[in-house]
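Trainee: Below is a structure I'd like to ask you about.
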Amino acid sequence: DAKTTQPPSMDCAEGRAANLPCNHSTISGNEYVYWYRQIHSQGPQYIIHGLKNNETNEMASLIITEDRKSSTLILPHATLRDTAVYYCIVRVGYGNKLVFGAGTILRVKS
Amino acid sequence: NAGVTQTPKFQVLKTGQSMTLQCAQDMNHEYMSWYRQDPGMGLRLIHYSVGAGITDQGEVPNGYNVSRSTTEDFPLRLLSAAPSQTSVYFCASSSLAGGSYEQYFGPGTRLTVT
């Protein structure tokens with residue numbers, strides 16, 4: 001699986017968009033980009049995934065660059081409950097056998 | 001439905017003791033797995049199963065055994081607990097059916113080995 005690089009931490013003001021970057025410069029054509037988050041030592045929670053196109057669901061949007069070497073997770077209106085560790089994971093296929101890095105600690109502040 | 005459940009929530013063991021962490025899911029998922037998470041680190045895969053009777057090793061399998069006799073249950077056995085196994089253990093499940101990409105995680109078991 002391709003390696004991912006994320007900033008260790010980010011801050012965001014409540015109500016503003018949170019943009020979390022992920023670099024995956026060695027991604028191959030059949031690898032998906034997955035995002036999970038972990039709130040205060042709970043079990044990780046799936047957010048979104050994508051292959052080539054930008055994706056949006058009720059939680060977030062995923063923007064993947066045309067060359068697929070990086071992506072950005074966007075939480076459009078961050079709330080205090082979005083404070084969590086966010087993991088960007090690159091994986092072939094259905095996203096089993098996930099490899100978690102250190103992730104990005106997002107702190108949403110009022 | 002309850003999703004993925006894990007018991008116990010907390011456990012303290014002495015070095016050399018054995019125990020079984022329980023994991024169950026009610027979503028009829030074929031795939032189940034166990035991860036451990038050490039303080040300040042990401043999750044690491046211990047063992048996984050793609051269906052009843054089929055298990056395989058993940059990244060850090062030493063010191064742990066698993067079996068999968070039913071679709072619903074995937075217990076993790078610590079054979080002889082060591083302080084290095086102090087960690088939070090998460091169980092996860094997912095469907096292997098086409099178009100399913102989400103893994104569902106349980107709430108975790110916090111294990112301390114003294």
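The values are calculated or read from the model by the stated rules, or taken from the named source; none is laboratory data. No experiment lies behind these values; they were computed from the predicted model shown. Every residue, glycine among them, receives a Cβ derived from its backbone with ideal geometry; neighbour counts consider all protein chains shown.
Trainee: Among the residues of the stretch A:11-46, write down those that are hydrophobic (A, V, I, L, M, F, W, C), more than 14 Å from chain B (Cβ to nearest Cβ) and more than 13 Å from the chain's Cα centre (by Cα).
Mentor: Hits for the stretch A:11-46 are A:C12, A:A13, A:A17, A:I27.
Trainee: Separate question: What tally of residues in the stretch A:62-90 results from selecting those that are under 15 Å from the mean Cα position of the chain (by Cα) and either surrounded by 21 or more Cβ atoms within 10 Å (Cβ to Cβ) or of a type in the set (A, V, I, L, M) (or both)?
Mentor: Total meeting the criteria: 15.
Trainee: I've got another one for you. Inspect the stretch A:54-75 for any residue being away from chain B (no Cβ under 14 Å), closer than 28 Å to B:Q6 by Cβ and modelled with pLDDT of 95 or more and give the result as yes or no. Step through it out loud before you land on a result.
Mentor: Taking the stretch A:54-75 as the starting set, the residues that turn out to be away from chain B (no Cβ under 14 Å) are A:54, A:56, A:61, A:63-75.
From what's left, closer than 28 Å to B:Q6 by Cβ: A:73, A:75.
Within this subset, residues satisfying the condition of being modelled with pLDDT of 95 or more are A:73, A:75.
Yes; the residues of the stretch A:54-75 include at least one that is away from chain B (no Cβ under 14 Å), closer than 28 Å to B:Q6 by Cβ and modelled with pLDDT of 95 or more.
Trainee: Note down all Cβ pairs under 7 Å where the first residue falls in the stretch B:37-49 and is of a type in the set (K, R), the second is surrounded by 20 or more Cβ atoms within 10 Å (Cβ to Cβ) and part of a strand (DSSP E or B), and they're at least six residues apart or on different chains.
Mentor: Correct list of pairs: B:R44/B:Y35; B:R44/B:R36.
Trainee: Among the candidates B:S93, B:S80, B:S33, which residue alone is more than 12 Å from chain A (Cβ to nearest Cβ) and touching a residue at least 40 places away in the same chain (Cβ under 8 Å)? Break it down stepwise before answering.
Mentor: Values: B:S93 fails: more than 12 Å from chain A (Cβ to nearest Cβ); B:S33 fails: more than 12 Å from chain A (Cβ to nearest Cβ).
Of the residues listed, the single one that is more than 12 Å from chain A (Cβ to nearest Cβ) and touching a residue at least 40 places away in the same chain (Cβ under 8 Å) is B:S80.
Trainee: A follow-up question, please. Select from the stretch B:1-32 the residues that are among the hydroxyl-bearing types (S, T, Y), at pLDDT 95 or above and within 13 Å of the chain's Cα centre (by Cα) and list them in ascending order.
Mentor: B:T5, B:T7, B:T20
Trainee: Which count do you get for residues in the stretch A:23-45 that are touching a strand residue (DSSP E or B) at 6+ places or on another chain (Cβ under 6 Å), more than 17 Å from A:P76 (Cα to Cα) and of a type outside the set (A, V, I, L, M)?
Mentor: 10
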